[in-house]
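First comes the structure, then the notes that go with it.
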Protein chains: 2
Amino acid sequence: MKIYDTKTAPTPRRVRIFLAEKDIQVEYVQVDLGAGENLSASMRAKNPIGKIPILELDDGTCIGESDAICAYFEAIQPEPYLFGQSAIEKAQVMMWQRQVEFCLFMQVGMCFQHSTGHFKDRMTPVPEYGKEAGINATKYLSVLEKRLADEEFIAGPKFSIADITALCAIDFARVVQIRLGEKHQNVNRWYQQVSSRPSAKA
Amino acid sequence: MKIYDTKTAPTPRRVRIFLAEKDIQVEYVQVDLGAGENLSASMRAKNPIGKIPILELDDGTCIGESDAICAYFEAIQPEPYLFGQSAIEKAQVMMWQRQVEFCLFMQVGMCFQHSTGHFKDRMTPVPEYGKEAGINATKYLSVLEKRLADEEFIAGPKFSIADITALCAIDFARVVQIRLGEKHQNVNRWYQQVSSRPSAKA
């Protein structure tokens with residue numbers, strides 16, 4: 001099996017960290033997003049929306065979407081559980097994972113795409129929306145600040161995929177000048193902790 | 001247990017259909033989104049981002065996010081499997097579920113929010129972005145058209161949560177004048193089929 005990856009992009013980093021946490025080694029094939037290599041007919045045959053990462057199994061089956069790729073590896077090698085173990089843990093991890101993704105990760109991404117026009121060859125940037133997305137991302141840091149005052153990790157007492165998504169979002173947010181500030185003491189404590197895990201280098 | 005619900009909104013409808021497919025009865029409590037009832041301190045204590053639906057268990061534990069609520073019920077009553085059964089099925093369902101959600105459901109929602117200003121008391125509408133979101137949603141119908149030429153359901157041969165998400169998105173899209181057209185024959189065939197399931201009335 002192999003994973004089509006782009007080393008500099010925040011979404012495929014989520015999968016690399018997830019696999020590092022599970023100590024799973026996979027061959028990575030680099031795809032040049034800037035040159036639009038992901039939008040070729042052969043890549044769209046692997047993933048109809050032409051996004052990276054893509055997991056390609058040895059029988060040719062392809063799975064797009066970082067969470068779906070992670071879910072596959074969680075199913076074939078559950079430990080350490082990164083999507084939760086009990087029914088209630090699974091639900092809590094998915095809740096936080098989604099909220100971090102929609103309210104932080106995607107807002108940072110929209111801020112980047114719409115403010116910088118980086119992908120204007122393939123989408124229509126709306127700078128006013130980019131600005132709003134950046135405001136939304138910053139607001140959500142306050143939600144995380146409150147949450148991390150009560151919990152060690154985002155979804156509760158255990159490290160999970162929600163922490164991976166938040167770490168990748170916060171690291172990428174520097175590109176659009178969104179940074180943790182003095183009022184984010186609990187997020188900062190959490191950030192230092194998750195950043196120092198060996199998987200964060202993946 | 002109970003679910004905080006808004007009968008007219010597309011997101012909580014996803015949970016109602018999911019539970020109807022599993023034949024699970026739950027008490028629903030209606031929340032008035034238009035009046036901002038979901039943004040009260042007591043509702044934010046249940047879900048920090050103040051969105052509906054919310055599942056409240058008898059011990060007071062609350063789960064927000066429609067997918068997370070569905071994942072909880074999938075874990076406690078797996079059959080019929082709506083998130084896939086094998087590792088590869090789970091990954092394929094999650095992939096399609098996410099792509100339908102990001103590329104169709106959310107684009108329709110953003111088109112509605114940014115074009116109509118319906119929630120302008122709690123967000124800043126950017127009409128130009130609303131228009132782009134509508135264009136994105138329509139483009140994704142062509143991806144589904146191609147997919148449904150080859151498969152009975154969106155994630156493959158079995159009905160799944162991805163079909164529920166797409167059904168709710170397409171029904172809600174009428175509000176922003178996005179409708180299936182003559183070039184969407186396979187989507188139309190699928191739409192007739194999933195709409196006629198008893199769960200679609202939920």
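The values are calculated or read from the model by the stated rules, or taken from the named source; none is laboratory data. Bear in mind that the values here come from a model prediction, so they are computed numbers and not experimental data. Please note: Cβ atoms are built from the backbone with ideal geometry, for glycine as well, and neighbour counts cover all protein chains shown.
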The listed residue being touching a residue at least 24 places away in the same chain (Cβ under 8 Å), surrounded by 15 or more Cβ atoms within 10 Å (Cβ to Cβ) and within 27 Å of A:ASP163 (Cβ to Cβ), out of A:MET95, A:MET110, A:MET43: A:MET95
Count of residues meeting criterion [among the aliphatic types (A, V, I, L, M) and in a loop (DSSP other than H, G, I, E, B)] in region A:108-130: 2
A:PHE172 more than 8 Å from chain B (Cβ to nearest Cβ) and assigned to a helix (DSSP H, G or I): yes
Could you tell me which residue of region B:121-153 is surrounded by the most Cβ atoms within 10 Å (Cβ to Cβ), considering only residues that are of a type outside the set (Asp, Glu), more than 11 Å from chain A (Cβ to nearest Cβ) and closer than 28 Å to B:ARG197 by Cα? B:ALA137
How about region B:53-83: which of its residues are farther than 16 Å from A:GLU89 by Cα and surrounded by 24 or more Cβ atoms within 10 Å (Cβ to Cβ)? B:PRO53, B:LEU82
Look at region B:49-73 and say how many of its residues are facing chain A (nearest Cβ under 9 Å), of a type in the set (D, E, K, R) and touching a residue at least 40 places away in the same chain (Cβ under 8 Å). 2
Checking A:ASP163 against (1) closer than 16 Å to B:TYR129 by Cβ; (2) away from chain B (no Cβ under 14 Å), which test does it fail? (1)
Do we have A:GLU89 as modelled with pLDDT of 95 or more, farther than 23 Å from A:ASN47 by Cα and of a type in the set (D, E, K, R) here? yes
